[in-house]
Every structure is written in C-alpha cells, then in structure tokens.
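Colleague: Handing you this structure, nothing more for now.
The values are calculated or read from the model by the stated rules, or taken from the named source; none is laboratory data. A quick note: this is a predicted structure, and the numbers were derived from the prediction, not measured. Quick reminder, even Gly has a Cβ in these numbers, built from the backbone with ideal geometry, and neighbours come from all protein chains shown.
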C-alpha cells in the first residue's frame, strides 16, 4: 500500500494536468487540484471513519478503487509504503504546479497587448505537442511489449496479452505520428503530393490486408482463444487502415482548391 501522501500527490498531479490540458480555463485551478488530491485518498477513508470502517476496508482492494486516480493500482505497485516513491510523487507534483502556474501567468500577460506572448511554456500547453510526445512514447512501449512477448522465455501463457498490447500501442502511436506528420509544414512544402498520397495508400492498404488476414482466423479456426485474439488485432489494424485512408483524403482536400473539386 502506498502512503497517503503518495496518493494525494498523484491525484493532485493528474488533476492539475487535466485542468491544464483538458478543461476550460478557470480561476479555481488550484482548488480543483486540491480536490483531486483528496479524491485520490478517498479509498483510505476507512482509517479515519468513525462508522462502517470494516465495510469500507473491504472495498479498499477492489479494482473499482482505480476510479480514485488509480488508488488500487498504486497500492499494488508500491506495496511497501516507500518513502522514495512518495518523495518522487511530491517532486513531480511540485514540478507540474510550477508549469501550471507559469501558464496561468502567461495567460495574464496575453491580456495586455504590450506584453510579450512567446512564453517558453507554450510547447507544453500545446495539445499537438502533447499528442506527439504521447504517440512517440506509445510506439516505444509497444516495441518493448512486442520484444518481451517474442523473446522473453518467462511470458508463457500470457504471451498473447503482450503481443496484443504491443500491437495496439504501436498502431495507436503510429496513427498519432502519421496524422501530425502529414500536416506538418515541412512535409506539405517539401514532399510531393503524389509521394504523400502513395505512402498513405501503401500504409492503409497494407494494414487492411494484414488486418483482414487476422480477422479471417475466426472463420478458419472457429472461436478459439488464439483466433479471437488474432481477430481483435485484425480489427484494430482495420480501423487503423480506415484512419490512414481518412488522412489521405484530408490531405488531398487540403491541397486541391475548391474550384478544382467542384468541377
């Protein structure tokens, strides 16, 4: 079980990030962050509750406690009440608080035309940059999962899980990177339109072919565990193929003038 301080710091950190990136601007950002930290500690309320303490404690290990900012998962990952983990969580919380405060100050600067607007925090605020980083991390983790699933001798019967998670992470990360790459200024100005379309055609066609082959595993082998797992990967690749095709269409529509499309 993690220390209460760890749960508070993790909950407050994730709430601060959600407030910064996902929620509309609000003057109560710090209040929301504080409430998020408290929300992360709620499953430990049995320690101080004057009534129904035993009943509340039985709920503590439930997987549903992950609703409270992954409380149950933190207890599993940190079973020894590590002070090092608590210190790291607090340090991360302090760092994120500095980022959010700096961004709030930048917003106030932009309210005055005479003030500068090119804050160094801008890349961290950008959802585009955030998704680029997340996509890159997803691909790296996916490759790691696939490597473990293929090469590690101890995975045994859970090998399909490693392969499935790895493929999903790589597919999702590749989609995110491909989406940003096709819209980058240096790509649209330096890479010929035919080359961009050709790469997207090959990507969407290839993933559709592989995905369809995996989907056919159920038809060939029936409803076995392996066939269902392969079919799930096939469906994921089929979705990726459709999304890549959508990127190709969007790229084409952006390049062609309206008059050319209406002729």
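Colleague: Quick one: is residue 18 touching a helix residue (DSSP H, G or I) at 6+ places or on another chain (Cβ under 9 Å), closer than 23 Å to residue 94 by Cα and surrounded by fewer than 16 Cβ atoms within 10 Å (Cβ to Cβ)?
Modeller: Yes; evaluated as a whole, the condition is true for this residue.
Colleague: Have a look at 58, 31, 13 and point out the one that is in the same structural domain as residue 87 (by TED's automatic domain parsing), farther than 19 Å from residue 97 by Cβ and in a helix (DSSP H, G or I).
Modeller: 58
Colleague: State whether the residues of region 51-69 include one that is within 20 Å of the chain's Cα centre (by Cα) and under 9 Å from residue 7 (Cβ atoms).
Modeller: Yes, some residue in region 51-69 is within 20 Å of the chain's Cα centre (by Cα) and under 9 Å from residue 7 (Cβ atoms).
Let's see how each residue does on (1) within 28 Å of residue 131 (Cβ to Cβ); (2) modelled with pLDDT under 90; (3) in contact with a helix residue (DSSP H, G or I) (Cβ under 8 Å, 6 or more places away or on another chain):
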position	(1), (2), (3)
53	no, yes, yes
56	no, yes, yes
69	yes, yes, yes
80	no, yes, no
93	yes, no, yes
103	yes, yes, yes
111	yes, yes, no
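Colleague: Just checking, does region 142-165 include any residue being at pLDDT 75 or above, part of a helix (DSSP H, G or I) and at positive phi?
Modeller: Yes, region 142-165 contains a residue that is at pLDDT 75 or above, part of a helix (DSSP H, G or I) and at positive phi.
Colleague: For region 78-99, enumerate the residues that are in contact (Cβ under 8 Å) with a residue 24 or more places away in the chain and assigned to a helix (DSSP H, G or I).
Modeller: Once the filter is applied, which keeps residues that are in contact (Cβ under 8 Å) with a residue 24 or more places away in the chain and assigned to a helix (DSSP H, G or I), region 78-99 yields 83, 85, 86, 89, 90, 92, 93, 96, 97, 99.
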